[in-house]
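**Q** My structure is below; once you've seen it, I'll send some questions.
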There are 2 protein chains.
Amino acid sequence: MLNPSLSPDAAAPLFAALGDPTRLSLVRRLSDGEARSIARLSEDTDLTRQAVTKHLKVLEGVGLVSSTRSGRESLFALQPETVGAARDYLASVSRQWDDALGRLRAFVE
Amino acid sequence: MLNPSLSPDAAAPLFAALGDPTRLSLVRRLSDGEARSIARLSEDTDLTRQAVTKHLKVLEGVGLVSSTRSGRESLFALQPETVGAARDYLASVSRQWDDALGRLRAFVE
DNA sequence: GAAAAAGGCAACTTTTTAGTTGCATGTTTC
DNA sequence: GAAACATGCAACTAAAAAGTTGCCTTTTTC
């Protein structure tokens, strides 16, 4: 399947999760592949730990990150396949536009 | 520039705009390259015309669509460069992850 | 085993967002 | 020029999101 691409209803929650600066920062910071604890992820921000926790739950809810408990801390890691799904959705939008432009060009010639 | 990629603060509003099913549908429908009037875009939905108008303004606010007045109607068209910017942001997240994975592999061998 | 560290849970406030209704304005069409 | 069409503007409601505070439980560390 080259152009299955999620339905807008399925993809929107993904973008909504990415559409908050705090959450997008978290995704960015986790994109180096390392798993991090909530405490660690709460360090470089002025938000409370609970606020960060909520954001992580949102990201986990749409599958952008996953968490595992390790002793007294819970580690969050990026789920790259889901990032890829969001990226692919936009790629399919781009491609549809490019195809349309191509057809227009062909028609003019 | 291969990896400029917007800052999370700059990119988040883009994803937020895409993070609503109605708006993502509008983007999808406009991705064929054709410009459409508000009335036209309001046809296949149960929302009121005003609601659709608001969504279009949000999309226009982040540069995902542009509008031009033509007589009594205003036509909205997709702004593919902005879609590309959002896509590229996610691509850079993906790539960062892939690179990290690559280094890990190299280290293990 | 007591103190410190990491986190979970729940109630609550504030702000933002989605959506509506009502009415006014500019354009076409007959 | 009157009716129909397309849109703009503003006030308002309702619901969701972001963030906080307070307190309780589990795990480490000395």
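The values are calculated or read from the model by the stated rules, or taken from the named source; none is laboratory data. None of the values given here were measured: they were computed from a predicted structure. Cβ atoms come from the backbone with ideal geometry, glycine included; neighbour counts cover every protein chain shown. With ligands, DNA and RNA removed, areas are computed over all heavy atoms of the protein, side chains included. Shrake-Rupley method; radii C 1.70, N 1.55, O 1.52, S 1.80 Å.
**Q** Is there a quick way to get the dipole size of the range A:43-90? I mean about its Cα centre, with the Cβ of Lys and Arg at +1 and of Asp and Glu at -1; what is the value in debye to the nearest 20?
**A** It works out to roughly 220 debye.
**Q** To continue, here is another question. So, with +1 on the Cβ of K and R and -1 on the Cβ of D and E, and no other charges, what is the size of the charge dipole of the protein assembly as shown about its Cα centre, to the nearest 20 debye?
**A** 360
**Q** Also: Probe radius 1.4 Å, ligands and nucleic acids ignored: give me the carbon and sulfur share of the accessible area of the protein assembly as shown as a rounded percent.
**A** Roughly 53 percent, rounded to a whole number.
**Q** In nm, what does the list of distances from residue A:70 to its counterparts in the other copies look like, shortest first, when each label sits 7 Å along Cα to Cβ?
**A** 5.8
**Q** Could you compute how much accessible area chains A and B hide from each other, both sides summed, with a 1.4 Å probe? Nearest 100 Å² is fine.
**A** In total, chains A and B hide about 2900 Å² from solvent.
**Q** With every protein chain left in place, what is the accessible area per residue of chain B in square angstrom, probe 1.4 Å?
**A** 56
**Q** Based on Cβ point charges of +1 for Lys and Arg and -1 for Asp and Glu, what charge dipole magnitude is obtained for chain A about its Cα centre, in debye rounded to the nearest 20?
**A** 280
**Q** Based on the alpha carbon coordinates of the range B:9-108, what radius of gyration and maximum Cα-Cα distance (Dmax) apply, in Å?
**A** 17.5, 66
**Q** Pairing the Cα long axis of helix A:49-61 with the longest principal axis of chain A, what angle in degrees results, from 0 to 90 and rounded to the nearest 10?
**A** 40
**Q** In nm, give the distance between the simple-model label positions of residue A:104 and residue A:54, each being 7 Å from the Cα along the Cα-to-Cβ direction.
**A** Placing both labels 7 Å along Cα→Cβ, they lie 4.3 nm apart.
**Q** In nm, one decimal, shortest first: how far is the label point of residue B:9 (7 Å from Cα along Cα to beta carbon) from the matching points in the other copies?
**A** 3.8
**Q** Another question, then. State the volume of the convex hull built on the alpha-carbon positions of the protein assembly as shown, expressed per residue in Å³ and rounded to an integer.
**A** Residue-normalised Cα hull volume stands at 175 Å³.
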